[in-house]
Amino acid sequence: MKALTVLTKREFISYFTTPVAWIFLMIFVSLSGLLTFYAGDFFGRGQADLQSFFLFHPWLYVFLIPAISMRMWAEERRSGTIEMLMTLPVSTTQLVLGKFFAAWAFVGIALLLTLPMWITVNYLGNPDNGIIFMSYLASFLIAGTFLSVGSCISACTKSQVVAFTCAMMACILLTFLGSDALINLFSGVVTEKVIKLFQSFGFLIHFLSLTRGVLDVRDLLFFISFSSVFLFATVIVLDHKKAV
Amino acid sequence: MIILENVTRKFGSFTAVDHLSMSVPKGQVLGFLGPNGAGKTTTMRMISGFLTPSSGKITVCGYNVEENPVEVKRHIGYMPEVASSYNDMTVLSFLNFIAEARGLFASVKEKAIEKVVSEISLSNVLYQPIETLSKGYKRRVGLAQALVHDPAVLILDEPTEGLDPNQKHEIRTLIRHLQKDKAIIISTHVLEEVEAMCSRAVIIDKGKIVLDDTPRALLNLSGRHQIVSVLISANHKDTAETAFSEDPKINIADVKQETEQTVLFTLYPTGKESIAATIVDALHQKDIEILDLFIEKGRLEEVFYAYTSADKEMKDHKE
């Protein structure tokens, strides 16, 4: 446990020693704001809620999360620090979790920086704060799940560019699974059951259900188990591909 | 402390380490030699738990590397060949991280870092980001990282690579100093280092041990061992030449006019014993002043080349 804390702390601090962190925070906060007001028509809707704010989060994450996760292992592998890291008396699981929690906490900071939005709607009207809290949770969860996918992809390669591109494609695919566009595309080809299966894996559907304020344990479990699977896969990939 | 039994490591169809067995007891410094690609780094990575062997068994301090990797890593200090550290960290924060990850905290940690910093003379650069350091300092940070928890087993992959002669000397002194209560494996290309630091030399080639002996024994295998060169005044050239050729122990290999006033004799012994004293006596009797005298210790390089494949192929080619 202590080792995990040490690893997480180092990773977390390391984000702030590179410009990536500051650029990420700036882009996330400004884009999420801009999208809310312009694309989401925050004022035009005439409602005191943050629906138009959270609606865009998965789409921001699709591009921004891979920018965080690409470094995780690809950089360690390229620079050779992985050799030093993996000869420390810690398990691979601890290493993977350390990096994951650090990245997740970093996204948490980005989310915290958007709190003025919450304050603003409370100033403008009487929003359902329970729903907003749930939406923040949903946003945080989906970010974590994307990070776990990105972590696994980053562990497969030495190149950050490859890690970024592949993670982005994976995130887009996962978000789109279960979207109407994809369902329409496949509706004639595959059976109803397969479509249901697709939908059950669609991130957007679970995300939207949480942001509506419905605390469904199945949605929570979905994100948690999905992350666990990919983190476990990261451990396996690392154990098998250390030196290459 | 380190036991390798029939260890093999394959990368695809390539066998990097081929049924290698050896053991290193406490107090021994093993110099690990071999050409590039002989399997030195792979072997060291397997001992340190970074790579797992394809077959065979490695035991460190009584723990099996595959069954109990965390426990093994706790007892090992490992300096990788590319000793890269986190470039954006300062030396101090990096050492703090390593010490904490190795389970040292608070005052124990501070003492450990203080000790290693003074041993490796890093105090000047403690607050500098690692990326701004010179190559020599970076290597030293890599060494400090391996020593901070005072491990029972040290695995150093070319520790003096890229250091200047002074720094090399410091590291050698340090390793000799550490030797008594540790088992140490050092890989190197620099053969004098084996003489300077190691109590045992192992040459591997194509993943197999081709020679395992003391550095001194290796020296004796060298053809140039015990060759003596002596410099005298040119006036005495003929007298000396007769004196040497009369002595049955001494053979003349070469006589060379060094400058107008001096001449250099290269002499080798008939048997295995040293001939330096005989030469001095012979010249003394004839009242010839010795201007300079040096004894060739033999070169590990020659043994090394003779036992590793690159040169064998070359020899075959010549024949």
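Some points to look at:
- Residues that are more than 7 Å from chain A (Cβ to nearest Cβ), open to solvent by 20 Å² or more (accessible area, probe 1.4 Å) and either more than 18 Å from B:LEU154 (Cα to Cα) or modelled with pLDDT under 90 (or both) do not occur anywhere in the range B:70-80.
- Residue within the range B:112-119 that is within 14 Å of chain A (Cβ to nearest Cβ) and either in contact (Cβ under 8 Å) with a residue 24 or more places away in the chain or open to solvent by 30 Å² or more (accessible area, probe 1.4 Å) (or both) present: no
- Which listed residue, of B:SER134, B:SER107, is closer than 26 Å to A:THR5 by Cα and away from chain A (no Cβ under 14 Å): B:SER107
- A:ILE23 vs. criteria open to solvent by 20 Å² or more (accessible area, probe 1.4 Å) and either under 24 Å from A:LEU137 (Cα atoms) or over 20 Å from the mean Cα position of the chain (by Cα) (or both): yes
- Filtered residue count, the range B:171-181, keeping only those that are of a type outside the set (Lys, Arg), under 14 Å from the mean Cα position of the chain (by Cα) and either surrounded by 15 or more Cβ atoms within 10 Å (Cβ to Cβ) or not assigned by TED's automatic domain parsing to the domain that holds B:GLY27 (or both): 4
- Residue pairs meeting the criteria (Cβ under 7 Å; at least 6 apart or on separate chains; first more than 10 Å from chain A (Cβ to nearest Cβ), in the range B:35-56; second in a helix (DSSP H, G or I) and open to solvent by less than 10 Å² (accessible area, probe 1.4 Å)): B:PRO53/B:MET46
- For the range B:293-314, the criterion of a residue being at pLDDT 85 or above, in a helix (DSSP H, G or I) and of a type in the set (D, E, K, R) is satisfied by no position.
- Of all residues in the range B:12-22, those satisfying the criterion of being touching a helix residue (DSSP H, G or I) at 6+ places or on another chain (Cβ under 8 Å) and within 14 Å of another protein chain (Cβ to nearest Cβ) are B:ALA16, B:VAL17.
- Hey, B:VAL210 open to solvent by less than 20 Å² (accessible area, probe 1.4 Å), touching a Phe, Trp or Tyr at 6+ places or on another chain (Cβ under 9 Å) and not in a helix (DSSP H, G or I) or not: no
- Scanning the range A:229-243 for residues that are without any contact (Cβ under 8 Å) to a residue 40 or more places away in the chain and of a type outside the set (A, V, I, L, M) turns up A:PHE232, A:HIS240.
- Residue check, B:GLU66 within 23 Å of the chain's Cα centre (by Cα), within 13 Å of chain A (Cβ to nearest Cβ) and open to solvent by 50 Å² or more (accessible area, probe 1.4 Å): no
- Enumeration of residues in the range B:81-97 that are under 30 Å from B:GLY39 (Cα atoms) and within 7 Å of chain A (Cβ to nearest Cβ): B:VAL82, B:SER84, B:SER85, B:TYR86
- Pick from the range A:26-39, criterion touching a residue at least 24 places away in the same chain (Cβ under 8 Å) and surrounded by fewer than 19 Cβ atoms within 10 Å (Cβ to Cβ), ranking: farthest from the other protein chains (Cβ to nearest Cβ): A:LEU35
- Flag for B:ALA83 being surrounded by 23 or more Cβ atoms within 10 Å (Cβ to Cβ), farther than 27 Å from B:TYR307 by Cα and modelled with pLDDT under 90: yes
- Taking the range A:214-244 as the range and being part of a helix (DSSP H, G or I), within 14 Å of another protein chain (Cβ to nearest Cβ) and open to solvent by 40 Å² or more (accessible area, probe 1.4 Å) as the test, the residues that pass are A:ILE236, A:ASP239, A:HIS240, A:LYS241.
- Residues in the range A:70-96 that are more than 7 Å from every other protein chain (Cβ to nearest Cβ), in contact (Cβ under 8 Å) with a residue 24 or more places away in the chain and of a type outside the set (Asp, Glu): 13 in all.
- Meets criteria (in contact (Cβ under 8 Å) with a residue 40 or more places away in the chain, among the acidic types (Asp, Glu) and open to solvent by 70 Å² or more (accessible area, probe 1.4 Å)) for B:GLU258: no
The values are calculated or read from the model by the stated rules, or taken from the named source; none is laboratory data. The structure presented is a predicted model; accordingly, all values stated were derived computationally and were not measured. Glycine gets a Cβ as well: all are built from the backbone with ideal geometry, and neighbour counts include every protein chain shown. Each accessible area value is taken on the protein alone, full model and side chains, heavy atoms only, with ligands, DNA and RNA left out. Shrake-Rupley method; radii C 1.70, N 1.55, O 1.52, S 1.80 Å.
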